[in-house]
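All remarks here apply to the structure that follows.
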Amino acid sequence: MTKVFIDGSYGTTGLRIHQRLQSRTDLELISIPYEERHSESARRRAYEEADFVFMCLPDAAAKEAAPKAEACHTRVIDASTAHRTAEGWVYGFPEISGTETIEAAPLVANPGCHASGVNALIYPLIRNGILSPAQKLQCFSITGYSGGGKKMIGEYESDCRDALMDAPRMYGLSQQHKHLPEITALNGLECAPIFCPIVSDYYCGMETIIPLFGSDIHGTMEDIRNAYREFYTGPLVYYKEDADENGFVSANTMSGRDDMELSLYGNPDRMLLVARFDNLGKGASGSAIQNLNLMMGAPETTGLVLGGER
């Protein structure tokens, strides 16, 4: 029986991973009492017993904990930002990093939610020479408020919340968003994109948009479609033609699912690359479980919700 420990199981991502794994019959969840969650000795015992550890911790805590888990010969999936560009860690987006690479990796850094959409859209285009790494990009991404963790969820669901939360709110105004380093590094970009994340008044779901002029690309819209179709052949990330809802593209369409839909809109002069997925699914816990499945040798989609399933 594969043994799994979730370090930080009381946070939003850790709790969701725990909820999704607890009914699995092919693994055993190791837990420590809530009052011992900060106990170094209790956590050390869990590391020693586990085959895999999910780290759902703040960045500083993840950086401190990872070497301790590694010293116990435990394979690690880190859900924080701490190791996404770190040497010795595999970036945990199997469709880009490669499933075989994930399968063999001792240390996997789970991607950021916004970054997952941006990377899925631009990586195949750069790889095929359609988009240059020197291209200066602009990215917009709207997410449900669950992406902000327990504090933001509490603020949005409070009976006396601020009226400003009734409308979408842009953040990351300093252009130093924590997902920018992984986007820049993974794609070999010469310049970090202008990135505009937006949080809105719905629980979960994400929509990432990259606008391009025809003069920004080397090729045609059909070249972009073909690049997506050829690069993404698995069940979790795929290109979908005419994916709009009667002229609208809703950010919560993929809520409750673990797959990601890519689409292309516009015309040869001005076009929009769009990725839709769940910030808690392919953007967080679903991606983490996909990585675990690969690392433990289980079918990749075990425990995941795909397509029209709910």
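The values are calculated or read from the model by the stated rules, or taken from the named source; none is laboratory data. All figures in this text were calculated on a predicted structure; none of them were measured in a lab. All Cβ positions, glycine included, derive from the backbone under ideal geometry; neighbour counts span all protein chains shown. Side chains are part of the model used for accessible areas, which takes the heavy atoms of the whole protein and leaves out ligands, DNA and RNA. Shrake-Rupley method; radii C 1.70, N 1.55, O 1.52, S 1.80 Å.
Among Gly256, Gly88, Gly11, whose mean-square fluctuation peaks in a Gaussian network model of the chain (Cα, cutoff 10 Å)?
Maximum fluctuation in the GNM of the chain, among the listed residues, is at Gly88.
I'd like the orientation of helix 59-71 relative to the chain: the angle between its Cα long axis and the longest Cα principal axis, in ° from 0 to 90, rounded to 10.
Computed tilt is about 60 degrees.
Cα centroid distance between region 120-196 and region 1-66, in Å?
27
Provide the three semi-axes, in whole Å and in decreasing order, of the ellipsoid equivalent to region 62-126 as defined by the square roots of 5 times the Cα gyration tensor eigenvalues.
Details: eigenvalues 106, 35, 12 Å².
In descending order, the three semi-axes are 23, 13, 8 Å.
What is the sum of charges, Lys and Arg at +1 and Asp and Glu at -1, for the other residues whose Cβ falls under 14 Å from the Cβ of Leu27?
Numbers: positive: Lys3, Arg20, Arg24, Arg75; negative: Asp26, Glu28, Glu49, Asp51.
Neighbour charge sum, excluding Leu27 itself: 0.
Please compute the Cα-Cα pair-distance distribution of the chain with 10 Å bins starting at 0, giving whole percents from short to long.
Going from the shortest bin to the longest, the percentages are 6, 28, 35, 23, 8, 1, 0.
Taking the Cα-to-Cβ direction at Thr85 and at Gln175 and moving 7 Å from each Cα, how far apart do the two end points lie in nm?
1.6
About its Cα centre, what dipole magnitude does region 76-230 give when the only charges are +1 on Lys and Arg Cβ and -1 on Asp and Glu Cβ, stated in debye to the nearest 20? If you can, show how the numbers build up before the last one.
Numbers: 10 positive and 18 negative charges, 47 e Å.
It comes to approximately 220 debye.
Just to confirm the number: angle between the C-alpha axis of helix 286-296 and the first principal axis of the chain, 0 to 90 degrees, nearest 10?
It works out to around 60 degrees.
Run lengths n ≥ 4 of DSSP H only: what is the helix-derived mean residue ellipticity at 222 nm for the chain, with -39500 (n - 2.57) per run over all residues, to the nearest 500? Please report the intermediate quantities before stating the final value.
On the way: 10 runs with 96 residues, N = 310.
The per-residue figure over the chain is -9000 deg cm²/dmol.
For region 271-310 and region 87-115, what is the separation of their Cα centres, given in Å?
Rounded to whole Å, the Cα centres lie 13 Å apart.
Taking the highest mean first, how do the peptides 79-86, 172-179 order by number of other beta carbon atoms within 10 angstrom per residue?
Working: 79-86: 20.8, 172-179: 13.9.
Sorting 79-86, 172-179 by mean packing, highest first, produces 79-86, 172-179.
Of the residues Phe213, Phe54, Phe248, which exhibits the maximal mean-square fluctuation in a Gaussian network model of the chain defined by a 10 Å Cα contact cut-off?
Phe248
Calculate what fraction, in whole %, of the accessible area of the chain sits on carbon and sulfur atoms when a 1.4 Å probe is rolled over the protein chains.
Details: 7050 of 13810 Å².
Using a 1.4 Å probe with all protein chains present, the chain comes out at 51 percent carbon and sulfur.
Per residue, how many Å² of accessible area does the chain show with a 1.4 Å probe?
About 45 Å² of surface per residue is accessible.
Note the angle between two axes, namely the Cα long axis of helix 113-127 and the longest principal axis of the Cα atoms of the chain, as a number of degrees from 0 to 90, rounded to the nearest 10.
Approximately 50 degrees, to the nearest ten.
Around Phe54, which amide H atoms from residues at least 5 apart in sequence, or from another chain, sit under 5 Å from its own amide H, with H modelled in the peptide plane?
The list, which skips near neighbours in sequence, is Phe5, Ile6, Asp7, Ile77.
Would you kindly calculate the translational diffusion coefficient of region 7-139, applying Stokes-Einstein with the Kirkwood radius from alpha carbon pairs, for 10 °C and a viscosity of 1.306 mPa s, and quote it in µm² s⁻¹ without decimals?
Numbers: Rh = 16.3 Å.
It diffuses with D of about 97 µm²/s by this estimate.
Of Ala288, Ala134, Ala65, which is the most mobile in a GNM of the chain whose springs link Cα atoms less than 10 angstrom apart?
Ala134
Looking at the chain, send over the antiparallel percent of its DSSP beta bridges, to the nearest 5.
On the way: 22 of 49 bridges.
Roughly 45 percent of the DSSP beta bridges within the chain come out antiparallel.
Once you place label points 7 Å from the Cα toward the Cβ at Asn267 and Asn226, how far apart are they in nm?
Here the answer is 2.4 nm between the modelled labels.
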